[in-house]
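K.L.:
Once you've had a glance at the structure underneath, I'll fire off some questions.
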Amino acid sequence: MSERDVTEAGPELLASQLMYMKALPAEWLPAYRAVPRELFVPDVMWPGVTDGTGGAEAIDRRENPDAWFRAVYSNTSLTTQWDDGAHTGTRRGNSPTCSNSQPSMVFSMLAALDVQPDSKVLEVGTGTGWNAALLSERVGSENVFTIEVDPQNATGARERLNAAGYDPVTGVGDGSQGRPASAPYDRVLITASLREIPPELVRQTRPGGRIVAPYATEYGGEAVVRLTVQENGNATGPFVGPSAFMRLRQQRTFRTHTREYLGGPWPADGRRSRTDLSPEDVADWLPMFAIGLRTRGMFPWAQPYCDGSYTLWLRDDKVTSWATADYEPGKDAFEVYQGGPRDLWGSWCPRTPGGPSRGDPGSSGSGSR
């Protein structure tokens, strides 16, 4: 397929896919067609894969335009920045820090936002500018206010928006503080994951207004929440679907190494037990999200081994307590060690019987940690 064929067929094929998935509502189809995604993707980007954002190698439009257009008109997130802009070149960096989000997620969140023709909208996280352009097409540029913490991303987005014929109010700053000078807003859209909803954003939303954001627990798992602001200033509402976004920079967490918890070689002073709950049963986004909603100050980390086994680490954010659960394929009981005052495994796992575990502590899954 030539570049021309990809350019002409790609947008409609993607639209059909999104509508089949019920991710692109009919009321957003005109905006989708009026705001080509390609106008908001830089020449060099990294398509995502199903197991995370930014998994593929870079595609440069100038060198491989057909592959670039295919990626743009696929239901895939496209990483556009690594390491807060410190990364250069076409190799992948350490952490993706900006992307043009997966189209099905973009339009699902816009549908949840439920904008009306005259809605006044605040967007937190301009990114590449695509969301701001879609909103401008729907409610008018004069009703869209968007803020971006990264000056480089903000400049690029502003240029793309102007080139596409849109002129929303843009700004550089801490999105968690909103934009009080233009408040109140009818709708607030947040395009970075949050561990807590910033109270400033709630205060800047009028009663009856709506906030849509990806909410991530400290433990893990993430879902889009749709909140309605009440007359008393509270904001309540349901989770409407899974999500996977980069964390709001003001709410990033930096973890302490496991060695800081042990005080000596593993298992140090850990208490040994066993469980019939497999670490595999709590590895998907939904159980992780549920665990995160039920616990506080705890987070996981999986340490894989070459034979397919792994150790699931649990640690607390106070650097006082830890737990490990060793997963081995084919087993129906799993060794657990815990140290410190908090019972991290037992706090959310009721099926952890006490007593000595089976197996040798030096067996697979208990090696160097």
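K.L.:
So which aspartates and glutamates pass the test for K120, namely a Cα distance under 15 Å, with those fewer than 8 places away in the same chain ruled out?
P.N.:
Cα-Cα hits under 15 Å: E137, E142, D167, D186.
K.L.:
Measure nothing but the geometry: give the 0 to 90° angle between the long axis through the Cα atoms of 130-139 and the longest principal axis through the Cα atoms of the chain, rounded to 10°.
P.N.:
Roughly 50 degrees between the two axes.
K.L.:
Where does each of R226, R195 land when they are ranked from fewest to most other beta-carbon atoms within 10 angstrom?
P.N.:
R195, R226
K.L.:
Compute the angle between helix 3-20 and the longest alpha-carbon principal axis of the chain, please, reported from 0 to 90 degrees and rounded to the nearest 10.
P.N.:
Long axis of 3-20 versus the principal axis of the chain: about 60 degrees.
K.L.:
Taking springs between alpha-carbon atoms closer than 10 angstrom, which of A154, A213, A67 fluctuates most in the Gaussian network model of the chain?
P.N.:
A67
K.L.:
Further question: Could you compute how fast the range 180-220 diffuses translationally, taking Rh as the Kirkwood radius over C-alpha pairs and applying Stokes-Einstein at 10 °C with viscosity 1.306 mPa s? Give it in µm² per second.
P.N.:
146
K.L.:
Shifting gears a bit: Please report how far the C-alpha centroid of the range 51-101 lies from that of the range 311-343, rounded to the nearest whole angstrom.
P.N.:
Taking the Cα centre of the range 311-343 as reference, the centre of the range 51-101 is 35 Å away.
K.L.:
If I histogram all Cα-Cα distances within the range 92-150 using bins 5 Å wide from 0, what percent of pairs lands in each bin?
P.N.:
Bins of 5 Å from zero give 4, 17, 27, 25, 16, 6, 3, 2, 0 percent of pairs.
K.L.:
Have a look at R138, R296, R206 and tell me which one the Gaussian network model of the chain (Cα, springs below 10 Å) gives the largest fluctuation.
P.N.:
R296
K.L.:
From the square roots a ≥ b ≥ c of the eigenvalues of the alpha-carbon gyration tensor of the range 253-302, which class results: rounded (a/c under 1.5), prolate (a/b over b/c), or oblate?
P.N.:
Oblate.
K.L.:
Under the rule a/c < 1.5 gives rounded, and otherwise a/b versus b/c splits prolate from oblate, where does the range 115-249 land using the Cα gyration tensor?
P.N.:
In terms of gyration-tensor shape, oblate.
K.L.:
Let me have the 222 nm mean residue ellipticity of the chain computed from DSSP H runs of 4+ only, each contributing -39500 (n - 2.57), with the sum over all residues rounded to the nearest 500.
P.N.:
Theoretical 222 nm ellipticity from helices: -6500 deg cm²/dmol.
K.L.:
Pop out the Kirkwood hydrodynamic radius of the range 118-188 from its pairwise C-alpha distances, inverse of mean 1/r, in Å to one decimal.
P.N.:
Hydrodynamic radius (Kirkwood, Cα pairs) of the range 118-188 is 11.6 Å.
K.L.:
Kindly express, to the nearest 10 degrees and within the range 0 to 90, the angle between helix 285-294's C-alpha long axis and the longest C-alpha principal axis of the chain.
P.N.:
Helix 285-294 and the main axis of the chain meet at about 70 degrees.
K.L.:
Take the Cα gyration tensor of the range 3-249, multiply each eigenvalue by 5, square-root it, and list the three semi-axes largest first, rounded to whole angstrom.
P.N.:
The three semi-axes for the range 3-249 are 28, 20, 18 Å.
K.L.:
Where a ≥ b ≥ c are the square roots of the eigenvalues of the C-alpha gyration tensor, would you call the range 259-339 rounded, which needs a/c under 1.5, or, failing that, prolate if a/b is larger than b/c, or oblate?
P.N.:
oblate
K.L.:
Still on this model: Would you kindly derive the ³J(HN,Hα) couplings of the range 27-38 from the backbone phi angles with the Karplus curve 6.51 cos²θ - 1.76 cosθ + 1.60 (θ = phi - 60°), listing them in order in whole Hz, with x for Gly and Pro?
P.N.:
With the stated coefficients, the range 27-38 comes to 5, 9, 4, x, 5, 4, 6, 7, 10, x, 4, 4 Hz.
K.L.:
Between the range 189-210 and the range 221-283, how many Å separate their Cα centres?
P.N.:
Distance between centres, Cα-based: 20 Å.
K.L.:
Could you pull the Rg and Dmax for the range 67-168, using just the Cα atoms, both in Å?
P.N.:
14.2, 43
Any read-out appearing in this document is the output of simple, stated calculations on the displayed coordinates, not a laboratory observation. Computed from a predicted structure; not experimentally measured. Ideal geometry is used to build each Cβ from the backbone, glycine not excepted, and the neighbour counts take in all protein chains shown.
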